[in-house]
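Below you'll find the structure, written out as structure tokens, and then a few comments.
The values are calculated or read from the model by the stated rules, or taken from the named source; none is laboratory data. Quick caveat: nothing in here was measured; it's all calculated off a predicted structure. For neighbour counting, all protein chains shown are included, and Cβ atoms are generated from backbone atoms with ideal geometry for every residue, glycine included. To get the accessible areas, we keep the full protein, side chains included, count just its heavy atoms, and leave off ligands, DNA and RNA. Shrake-Rupley method; radii C 1.70, N 1.55, O 1.52, S 1.80 Å.
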Amino acid sequence: MDSVSSIEVPCTRDSKVLDDGSPRIEASRSRQAADLLRACVHCGFCNSACPTYKVTGDELDGPRGRLYLIGRLIEGQGSPQRALRHLDRCLTCRACEGVCPSGVRYARLLDYGRERVEATRPLRGRLLRRLLCLCLGSRRFLAPGVAALRVARPLLPGRYRRLLPPRTAAARPVSRSRERRRMLLFEGCVQPVLAPSINLAAARLFGHLGIAVPRVRGEGCCGALHYHLGFPRQALRRARANLDAWWPWLQGGGADALVVTASGCAAMIRDYPRLLKDEPDYAGRAAVAAGLLMDPVQVLADLELSGPRRLGRGPRRVALHVPCTQAHALALPTQVGELMQRMGFELTPNSSVGDCCGSAGAYSLLHPRMAGALRTRRLEALTVGQAQCIATANIGCLLHLRRGTPLPVLHWLELLAPLLDR
Ligand code: SF4
Ligand code: SF4
């Protein structure tokens with residue numbers, strides 16, 4: 001699969017284009033979208049991979065139907081409200097791209113379609129999306145909010161109590177005097193507040209392997225939340241702020257890699273070069289950052305972390321949920337499972353690697369029924385093998401799955417880190 005950043009078609013949401021809604025630019029966007037759409041031969045293979053089509057059975061809730069709606073928009077035909085409804089229901093999981101024999105760049109067309117219909121969104125929906133960006137996309141708001149809810153936890157009704165993740169205790173990072181390499185560990189916005197133990201586990205693992213993890217000041221949300229909720233300018237502002245924060249480290253080899261433990265954020269950062277390609281001050285930085293971007297499994301697979309370890313009293317049988325961002329956007333569908341097996345874990349049968357659990361950023365909050373149905377299907381598949389816990393690689397999937405099962409749901413790094421602590 002092409003990486004997102006290699007796609008040459010200009011982003012319809014980049015800042016320069018956004019500021020210029022001239023008919024000439026509009027016509028150029030439509031032409032590019034029409035060119036992309038021509039690759040589709042309407043065979044419908046993609047429907048078999050689409051989670052939302054499997055739930056509703058409605059052609060317009062599958063990729064072929066959505067492409068039909070986007071085609072109508074390009075022609076200036078069709079109902080934007082109907083298109084908005086069905087494009088909103090898409091999880092952007094990109095499972096359809098992986099099975100398309102014609103290589104249709106569905107995600108790019110989806111971006112185009114969503115931008116065309118965004119203006120028709122009712123005010124209530126727009127306000128809700130703004131509120132979600134405000135609350136979830138900033139540690140400044142999220143941290144005190146979660147702290148207050150934790151205090152009030154006993155007073156909350158049960159269903160809201162379950163939404164609040166437990167406070168996680170975590171061992172301190174290991175510091176080695178002879179650290180040979182240095183890597184940046186991206187924090188993000190939601191993860192450090194709701195599950196700080198994940199990056200602490202990564203830092204501990206890296207410490208054992210002689211990798212220093214310096215603290216980076218000024219970075220924050222990757223922008224994915226804003227981008228997918230229809231606020232591209234805010235997303236690009238966050239991208240620029242992150243690049244400014246990383247640049248002193250990334251330029252001139254100050255850091256060997258930019259490691260991102262949440263696959264959803266990694267997929268967004270991988271896309272920075274495309275999103276910022278028309279900004280001379282940032283295009284180069286974005287390309288460097290995306291070039292140094294690594295999933296932790298890529299770091300660990302290269303290092304002295306091979307061979308089975310004594311698992312002790314921790315979980316041994318694990319159901320692995322590979323997030324769609326890791327399987328499809330990052331093209332790393334099997335790597336975590338292979339590493340875990342080499343370390344001695346037993347993975348339960350998993351016939352649907354990369355199937356979406358329904359989390360998809362803020363999707364589970366905006367479409368709770370569809371997200372709940374997808375979670376139920378995913379958990380049924382994950383729990384056939386009597387697993388002791390579920391492991392995943394994205395904070396959104398982790399929190400969403402936790403709400404649907406009594407099994408512990410952890411980031412896979414949290415399972416690996418204790419093995420090296422011994
Ligand atoms: S997107 Fe690909 S798989 Fe789907 S209908 Fe078009 S050509 Fe077929
Ligand atoms: S991105 Fe996922 S949900 Fe959207 S059409 Fe493709 S397979 Fe279906």
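Numbers below:
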read-out: Under 5 Å, built H, 5+ apart or other chain: amide partners of residue 411; value: 392
read-out: Dipole of the chain [Lys/Arg +1, Asp/Glu -1 at C-beta], most positive-end residue of 389, 32, 406; value: 406
read-out: Gyration tensor verdict on the stretch 339-384 (Cα atoms; rounded if a/c is under 1.5, prolate if a/b is larger than b/c, oblate otherwise); value: prolate
read-out: Ranked packing of 147-154, 25-32, most packed first, by mean Cβ within 10 Å; value: 25-32, 147-154
read-out: Gain upon complete extension [residue 59, residue 215; 0.36 nm per residue less C-alpha separation]; value: 51.3 nm
read-out: Model label zone, residue 48; criterion: amide N under 18 Å from point 7 Å along Cα-to-beta-carbon; scope the stretch 104-129; value: 104
read-out: Mean accessible surface per residue for the chain, computed with a 1.4 Å probe while every protein chain stays in place, in Å²; value: 45
read-out: The stretch 197-334, relative contact order in percent, only Cα pairs under 8 angstrom and at least six apart counted; value: 21
read-out: Convex hull per residue volume in Å³, alpha carbons only, for the chain; value: 143
read-out: With every protein chain in place, the chain: carbon and sulfur % of accessible area (1.4 Å); value: 53
read-out: In Å², nearest 10: area of residue 182 left accessible to a 1.4 Å probe; value: 100
read-out: FRET E, pair residue 75, residue 287, Förster distance 30 Å, beta-carbon r, rounded to 0.05; value: 0.25
read-out: Contact order relative to length of the chain, as percent, for alpha carbon pairs under 8 angstrom and 6 or more apart; value: 16
read-out: Charge tally in the Cβ shell below 12 Å around residue 215, where Lys, Arg are +1 and Asp, Glu are -1, residue 215 excluded; value: 0
read-out: Top of 359, 263, 79 by mean-square fluctuation, Gaussian network on the chain, Cα under 10 Å; value: 79
read-out: Dipole magnitude (debye, nearest 20) for the chain, charges at Cβ of Lys, Arg, Asp, Glu; value: 1520
read-out: Inter-label distance for residue 156 and residue 119, nm, one decimal - labels placed 7 Å from Cα along Cα-to-Cβ; value: 4.0
read-out: Amide H contacts of residue 293 (H built 1.01 Å from N, under 5 Å, at least 5 apart or other chain); value: 258
read-out: Residue 347 long-range amide H proximity, modeled H, under 5 Å; value: 318
read-out: Spatial separation of Cα centroids for the stretch 260-292 and the stretch 47-102, in angstrom; value: 27
read-out: Radius ratio Rg over Rh of the stretch 181-299, counting only Cα atoms, Kirkwood formula for Rh; value: 0.95
